[in-house]
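Working notes for the structure below.
Values in this text are rule-based calculations from the coordinates and carry no lab data. Computed from a prediction, not measured in an experiment: that's the story for all the values here. Note that we place each Cβ from the backbone using ideal geometry, even for glycine, and neighbour counts take in every protein chain shown.
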Amino acid sequence: MTTAAQTGTTESKSEKNGRPAQGGATMVSGGSTGATEPAATRGRTSIADVVVVKIAGMAAREIPGVYDMGGGLSRTIGAVRDRVPGGRPNVGRGVKVEVGERQTAIDLDLVVEYGVPIADLARDVRENVIDAVERISGLEVVEVNITVNDVHLPDDEDPERPAEARVE
């Protein structure tokens, strides 16, 4: 039996909930060194938390019916940031992750389009995020928690579209 001390890996968990503690990077494979080892096992692979955030954010936005992500304040700041010349959209807005050695837990804040069944949308988002994160990062997704913060109504003003004049 190989222990964490023998492989040089550590596993940190939050004491209060037993889930992986948040940190800067995650080790996906412990690897070894030496010319006698197979090439695929020489060295370690680490994945930064921001990588999982971006993968999850992109996967959630791919689902039709997701209008935006994040809470009210983060969406407002994001709208200002998107208008700045040279600014790029923040694909991580509305995504929080906890990453451990081999597992991750993901929290998403969504704004959905009016008329889209929320339970179906949440299922589709959850499946797409889990598939993308596990396929791309190799981490096991233990949970994807979804909070729907708002519903975008067809009559809501789009900040990109100028308001129509009330009088002519």
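Things to note:
- Taking the DSSP beta bridges with both ends in the range 97-149, the antiparallel portion is around 25 percent.
- Peptide packing: for 132-139, 100-107, the average count of neighbouring Cβ atoms within 10 Å per residue gives the ranking 100-107, 132-139, highest mean first.
- A Förster radius of 25 Å, combined with the Cβ-Cβ distance separating V116 from E143, puts the computed FRET efficiency at roughly 0.65.
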